[in-house]
Amino acid sequence: MKADLFRAVLLRYAAAPLSTRLHVYGRLRSVPVAPILAALPREGLIASVGCGHGALEIAAVLDAPERRVIAGDIDSAKLQHLRAAAQGLPLRMVDGSVLEGLGEPLDAALIVDVLYLLPPEEQRQLLAALFQALRPGGRIVIKEMDTRPRTKALWNRFQEFLALKVLRITRHRAGTCGLRSCEAQLADLSAAGFTLLRSTPLHGGWLHPHLLLTAVKP
Ligand SMILES: C[S@@+](CC[C@H](N)C(=O)[O-])C[C@H]1O[C@@H](n2cnc3c(N)ncnc32)[C@H](O)[C@@H]1O
């Protein structure tokens with residue numbers, strides 16, 4: 001991620017509590033932000049499911065001001081910090097589902113490290129609902145974890161165990177951490193009607209087995 005964009009995003013959270021600033025810093029340092037932003041269209045309406053504190057969404061609109069983002073999460077405390085950080089930006093927050101009350105078709109949908117928190121059936125329902133909400137030619141960008149390389153996947157499972165069960169910093173309804181293979185995630189995208197554009201393993205140089213999937217609604 002470019003240093004000036006990194007600083008600009010962090011500055012937006014300057015008034016937030018230290019724990020939030022550390023969390024945002026950690027996300028920006030541990031997630032491959034640049035390839036995610038590069039996979040998104042540079043203009044139009046983007047819905048982000050499970051935005052958390054919204055650092056990536058803020059980065060998305062600072063990176064390309066023609067983007068408009070609707071960001072949803074079930075954690076209203078995180079959204080409150082995002083609301084303060086996003087003032088004056090083309091970013092709208094939704095408590096819950098981003099798909100409720102959408103007035104126009106989406107140009108893109110973004111999901112970053114959220115699917116693994118949903119049971120497989122809910123993941124499939126979400127992909128199908130996003131497919132319906134996208135305009136033809138619209139794309140979906142998913143950054144999740146792969147189950148390979150095994151050592152990085154094991155490290156990721158341990159970290160998720162801490163986040164979900166011990167520290168409880170990630171809210172989830174399912175009660176499980178369902179990390180799935182790249183092949184299973186691709187099969188779900190295809191079953192929802194999407195055509196895969198790219199499946200990019202992004203673990204090189206990172207601690208985690210990041211996987212970036214980009215698909216289009218034909
Ligand atoms: C690991 S965090 C990722 C947050 C953000 N996408 C990022 O990359 O920094 C997962 C987020 O998904 C949210 N979440 C979990 N289940 C959800 C659901 N059913 N709908 C919307 N958000 C959900 C959690 O509250 C949490 O903020």
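A short reminder: the numbers here are calculations on the coordinates, not readings from a lab. Note that this is a predicted model, so its numbers are computed, not measured. We place every Cβ from the backbone using ideal geometry, glycine too, and count neighbours over all the protein chains shown.
A few remarks follow.
- Condition check for residue 16: more than 15 Å from the ligand (Cβ to nearest atom), under 21 Å from residue 169 (Cβ atoms), in contact (Cβ under 8 Å) with a residue 60 or more places away in the chain and of a type in the set (Gly, Ala, Ser): no
- Scanning segment 73-91 for residues that are free of Cβ contacts under 8 Å to residues at least 24 places away in the same chain and away from the ligand (no atom under 13 Å from the Cβ) turns up 83, 87, 88.
- Being in contact with a Leu (Cβ under 9 Å, 6 or more places away or on another chain), within 20 Å of residue 52 (Cβ to Cβ), surrounded by fewer than 18 Cβ atoms within 10 Å (Cβ to Cβ) and among the charged types (D, E, K, R) is a property that does not hold for residue 73.
- Any helices (runs of 4 or more DSSP H) falling wholly within segment 112-218 and containing at least 2 residues that are over 30 Å from residue 20 (Cβ atoms) and touching a residue at least 40 places away in the same chain (Cβ under 8 Å): 120-133, 182-191
- Residue within segment 59-72 that is assigned to a loop (DSSP other than H, G, I, E, B), of a type in the set (D, E, K, R) and in contact (Cβ under 8 Å) with a residue 40 or more places away in the chain present: no
- Taken over segment 22-63, residues that are touching an Asp or Glu at 6+ places or on another chain (Cβ under 9 Å) and hydroxyl-bearing (Ser, Thr, Tyr) amount to 1.
- Taking segment 93-136 as the range and being of a type in the set (Lys, Arg) and exposed (fewer than 15 other Cβ atoms within 10 Å of the Cβ) as the test, only 135 passes.
- In segment 117-148, the residues that are touching a strand residue (DSSP E or B) at 6+ places or on another chain (Cβ under 6 Å) and either more than 18 Å from residue 60 (Cα to Cα) or away from the ligand (no atom under 13 Å from the Cβ) (or both): 130, 133, 134, 138, 139, 140, 146
- Conditions (1) near the ligand (Cβ under 9 Å from one of its atoms); (2) assigned to a strand (DSSP E or B): number failed by residue 108: (1)
- Top-ranked residue in segment 42-67 [being of a type outside the set (Gly, Ala, Ser) and over 26 Å from residue 117 (Cα atoms); ranked as surrounded by the most Cβ atoms within 10 Å (Cβ to Cβ)]: 67
- Residue in segment 198-216 that is within 12 Å of the ligand (Cβ to nearest atom) and within 30 Å of residue 77 (Cα to Cα) present: yes
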